[in-house]
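Where a number appears in this text, it was derived from the coordinates with a stated rule and is not lab data. Since the model is a prediction, treat every value here as computed from it, not as a measurement. Ideal geometry is used to build each Cβ from the backbone, glycine not excepted, and the neighbour counts take in all protein chains shown.
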């Protein structure tokens, strides 16, 4: 069935379409030449003043994207140029480096929906009261395109460091018609957007009227219910992580589990009680009461001033009672970003924190602290990062901080106020989980418990709690450590196990081939280089395999 929210006749639709087109043409503010000048100014500024940002994209590829947009500008509408500029800046792939589209110099619109991606799909977590009938529905399509395709098309405009940032912050781009049009989700820019939904077993279409963009009532990304905005969960109960969202931080003692729970959702002082004062109170309570565990919930924490992390970290270090594996658990997630990433890094470096939840939205080491660069004609601002934050050595850098124990939630769990993340944190003990899989495997290997090692590797790879642990990458590193020590037999064992566990990985077979080649087993090396080449004929691993096959042939 089709739900017509905001009904209109076909004739009215045509009138609105013609009016909107005429309105957009009348609202053109700048000439194509002015936009091209702005684009070149941005390009020159980044090359001259921010060349260090060319880490994830090369200067050559960046310039090619600029050239393509420059040539396209005469044939684009202004909202498409704005999105094009956003795409250029987003290609740098640092979350603090973003085009200031929200400033409204080029007007844009938004569907009055708040989306959230759970482990079973994207749902309408919140809606304007006019759309109560679709509250809590699962989003299947936008303008006939499946959500996974829409996400793929929209990904280039999101200034994201990793896919967690996209889940937390980038998902809102799916509600902007100007962006949907510019990125090819829909062929024409229009006011009414058709989305396909699933609710209570029924699949149907709904038409959503886009409104001039403004900040919808959200606190730390979560909908704030009101007379005009509806929230999909049962509001008769409030889970701990959503309590007191008017406060930056609060704590609560859970006597049954002898646990102190702290939610901190910014790295900023709260009015009337700064961070040092708050944590002094928390640690005093822990010291003087029967407390066995501290849970610090950072899953909604998007950052702030990382100089304010000191009181948290030093307080944990001094609290011998809870600074032990299993006694101090930190919840992280898709909104853990910026200065909160620094806090996570410091807790990782200096405490016995166990991390539970989802990966963070920030690279471990990252560029932050942006400056506005105003384009000369349009006056739009590009916010460009200038400060390099490095809390860990470069070989420990990664796309994110991964949790020791991975856990997220379904929409039904959210709707019913269940919190499997907190429950996992509360249930954790140092005896029921392997915090350092590689150290565990090394102990088994050294003890000669090969069958147990293989069994445990297989079990843990299949356990979703470890799904963010890079088994293949870590095994590959271990194999090369053995290979560099000329322990060929041991290296071949590790690489063979890796190839068997990841049979579709060209790199796994390439590494195994290298081990055989260095051990002198040329026929085996050729066999596995050919396997790697067959799996990656056009990629870098395949190219390396082909080069090695030619080298082997020339030597023999």
Where both partners of a DSSP beta bridge lie in the stretch 254-319, what percent of those bridges are antiparallel, to the nearest 5?
25
If you take the square roots of the eigenvalues of the alpha-carbon gyration tensor of the stretch 470-555 and sort them as a ≥ b ≥ c, do you get rounded (a/c under 1.5), prolate (a/b over b/c) or oblate?
oblate
Starting from the 7 Å offset along Cα-to-Cβ, what nm value, one decimal, do you get for the label separation of residue 396 and residue 58?
3.2
Per-residue ellipticity at 222 nm for the chain, helices alone: DSSP H runs ≥ 4 residues times -39500 (n - 2.57), over residue total, nearest 500 deg cm²/dmol?
-12500 deg cm²/dmol
Restricting the count to DSSP beta bridges whose residues both fall in the chain, what percent are antiparallel, rounded to a multiple of 5?
70
If 65, 455, 236 are placed from fewest to most neighbouring beta carbons inside 10 Å, the sequence is 236, 455, 65
Between residue 290 and residue 133, how many nm apart are label points set 7 Å from Cα along the C-beta direction?
5.6
The relative contact order of the stretch 470-555, taking Cα pairs under 8 Å that sit 6 or more residues apart, comes to a percentage of 21
Over the stretch 102-189, calculate the relative contact order: mean separation of alpha carbon pairs under 8 Å at least 6 apart, over the residue count, as a percent.
28
List residues of the stretch 441-469, by number, whose backbone nitrogen lies under 20 Å from a label position 7 Å along Cα→C-beta of residue 120.
464-465
Mind running the shape call on the stretch 228-267? Use the C-alpha gyration tensor, a ≥ b ≥ c as the square roots of the eigenvalues: rounded below 1.5 for a/c, prolate if a/b tops b/c, oblate otherwise.
oblate
Show me the ranking of peptides 392-398, 164-170, 358-364 by mean Cβ neighbours inside 10 Å, starting with the highest.
358-364, 164-170, 392-398
Under the rule rounded for a/c under 1.5, else prolate if a/b exceeds b/c, else oblate, using alpha carbon gyration tensor axes a ≥ b ≥ c, the chain is classed as oblate
On the formula 1/(1 + (r/R0)^6), with r taken between the Cβ atoms of residue 271 and residue 349 and R0 of 25 Å, the FRET efficiency rounded to 0.05 is 0.25
Any chance you could run the full-extension gain for residue 149 through residue 247? It's 0.36 nm times the residue separation minus the Cα-Cα distance, nm to one decimal.
31.5 nm
What spacing in nm lies between the two simple spin-label points modelled at residue 524 and residue 238, each 7 Å away from Cα in the Cβ direction?
6.4
Counting only C-alpha contacts under 8 Å and six or more residues apart, can you give the relative contact order of the chain as a whole percent?
12
